[in-house]
Amino acid sequence: MCSRKPHISTIFSRTFIGLMLMLLLPAILPAQEVPSRFVDRLSLESKIHYSFIIPHHAVMWALTDGFFPVVEASVLLQTYGRSNYQYQRNYPQIGLTWLYSDFGGSESLGVMHAVVPNIRLPLLRRDKIQITFGVGVGVAYLTKKYDRIENYRNLTIGSHYNAAVHFQLKTNIRLSEQFRASAGISMAHVSNGTIKTPNYGLNMPALFAGLEYKITRRTIVFLKPEQINKMKGKVNVRIGAAMALKENNDAWGEEFRVYIGQVSVGGYYNNTNRLLLDVDAVYDESTKYAMELAGAPVDNYEDVVKGGISLGHEWTFDRLSLLMNLGVYLYNTDYTDELVYNKLGVGFRFTRYTYASVTLQAHWAKAEFLSFGLGIII
């Protein structure tokens, strides 16, 4: 009996979470001299988010009754300066988070389970108070998806497995040696990148409150590297190619290929962060299909290729990086497309000259495609 091959959405989701887990390795792997035991750096955290779904399409009003809770449980590991980026970023926490919600009993969305590896970057660190910015990318599983007969109202999610992106701005107040209270704001995005339609996606802002518990009372000893990486002022060029698969609402069940080419110029404004200027070219087979369906002639590739320029910011963590871009199309013959696009990506540098990336490109709140790419660094 032949085994069933995993759907492409599952493959992309596993790739996303695999790249994020690479961020955990420098913090978990033992060093030759460990100043603090592993258990001394562990904390447990629980939070309640009070959230709602942004209705960027009118049909989304019917999915929930309004506000609903999202439960969060996290295991956190405090870094101590084993690598340069940990010291230069003021010793962030590495986390593995589980998110759960039933969307207030929504019959269309069912229940969400999400596993999100993440990093919490300190913006302010004092004895009694700490402010952090957290970002994570992982996988979400929703028990209900679109079905044209049994669940026709759910135009937001077309597959059980989806990419999950989670941001949070958190304030921690130390109550004792082991307990911290927390409060802040968060944003969660769940989407499959149009690998399976319909896919309006879920965008869920929230207010939250929680409690963090440090496993032991032992004080963590922080290290300062003997040699600091000096990256400020350095500039490089990356040339990459990527591919994505997507569906179109006008062609149920049919997959279209998307080919992406990119040239990115990046410069470090400090030792860990870069500003980006990207030139993007996209050939989308679904665009060709939509134009022909609307009666617009497509005579050559130039009629379908879209060209844009985007500005972005990249956070680097040794070999791993997170980037966000906002761009505008300079050449686009498809009048149905938006003028502005945005990108959220995870990159991993294999060697000094090669890298891989997974990128979610969207038109504001609507995801367009989830791509996997390879490239060279000059």
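The values are calculated or read from the model by the stated rules, or taken from the named source; none is laboratory data. Note that this is a predicted model, so its numbers are computed, not measured. Methodologically, a virtual Cβ is constructed for each residue, glycine included, from the backbone with ideal geometry; neighbour enumeration extends over all protein chains shown.
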Query raised in the report: In the set PRO92, PRO69, PRO55, which member is touching a Phe, Trp or Tyr at 6+ places or on another chain (Cβ under 7 Å), at pLDDT 95 or above and either outside the structural domain of GLU314 (by TED's automatic domain parsing) or at positive phi (or both)?
Result: PRO69
Query raised in the report: If only one of LEU293, LEU330, LEU344 is buried (at least 20 other Cβ atoms within 10 Å of the Cβ), among the aliphatic types (A, V, I, L, M) and out of contact with any helix residue (DSSP H, G or I) (no Cβ under 8 Å at 6 or more places or on another chain), which one is it?
Result: LEU344
Query raised in the report: List, please: which pairs have Cβ atoms under 7 Å, are six or more places apart or on different chains, and start with a residue in the stretch 114-130 that is under 13 Å from SER182 (Cβ atoms) and end with one that is assigned to a loop (DSSP other than H, G, I, E, B)?
Result: ARG120/PRO92
Report summary line: Of the residues in the stretch 219-248 that are part of a strand (DSSP E or B) and of a type in the set (Val, Ile, Thr), the one that is farthest from LYS366 (Cα to Cα) is VAL235
Query raised in the report: Any idea which residue in the stretch 249-305 is modelled with the lowest pLDDT, counting only those that are part of a helix (DSSP H, G or I) and aromatic (Phe, Trp, Tyr)?
Result: TYR301
Report task. Take GLY81 and decide whether it is of a type in the set (Gly, Ala, Ser), out of contact with any helix residue (DSSP H, G or I) (no Cβ under 8 Å at 6 or more places or on another chain) and not in a strand (DSSP E or B). Result -> no
Report summary line: Scanning the stretch 322-331 residue by residue, those modelled with pLDDT of 95 or more and either on the phi > 0 side of the Ramachandran plot or not aliphatic (A, V, I, L, M) (or both) turn out to be ASN325, GLY327
**Report entry** Condition check for SER101: in contact with a Ser or Thr (Cβ under 6 Å, 6 or more places away or on another chain), surrounded by 20 or more Cβ atoms within 10 Å (Cβ to Cβ), modelled with pLDDT of 95 or more and small (Gly, Ala, Ser)
**Finding:** no
Report task. Report yes if some residue within the stretch 319-326 is in a loop (DSSP other than H, G, I, E, B) and either outside the structural domain of TYR85 (by TED's automatic domain parsing) or under 22 Å from ARG257 (Cβ atoms) (or both); otherwise report no. Result -> yes
Query raised in the report: What number of residues within the stretch 125-158 satisfy the criterion of being hydroxyl-bearing (Ser, Thr, Tyr) and modelled with pLDDT of 95 or more?
Result: 3
Query raised in the report: Yes or no: GLU254 closer than 30 Å to TRP61 by Cα and not assigned by TED's automatic domain parsing to the domain that holds LEU169?
Result: yes
Requested in this report: Give the number of residues within the stretch 213-250 that are surrounded by 14 or more Cβ atoms within 10 Å (Cβ to Cβ), under 30 Å from ASN172 (Cβ atoms) and in contact with a Gly (Cβ under 9 Å, 6 or more places away or on another chain).
Outcome: 3
Report summary line: Among residues of the stretch 72-89 being of a type in the set (Gly, Ala, Ser) and in contact with a Lys or Arg (Cβ under 9 Å, 6 or more places away or on another chain), the residue modelled with the lowest pLDDT is GLY81
Query - the stretch 47-68 residues that are in a helix (DSSP H, G or I), paired with ones that are of a type in the set (Gly, Ala, Ser) (beta carbon under 9 Å, 6 or more apart) - result: ALA62/SER108
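So which residues in the stretch 347-378 are β-branched (Val, Ile, Thr) and either on the phi > 0 side of the Ramachandran plot or without any contact (Cβ under 8 Å) to a residue 12 or more places away in the chain (or both)?
THR351
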Report task. Write out, first by first residue and then by second, each pair whose Cβ atoms fall under 8 Å of each other, whose residues are 6+ apart or on separate chains, and whose first residue, in the stretch 185-196, is under 14 Å from PRO55 (Cα atoms) and assigned by TED's automatic domain parsing to the domain that holds LEU245 while the second is hydrophobic (A, V, I, L, M, F, W, C) and surrounded by fewer than 24 Cβ atoms within 10 Å (Cβ to Cβ). Result -> none
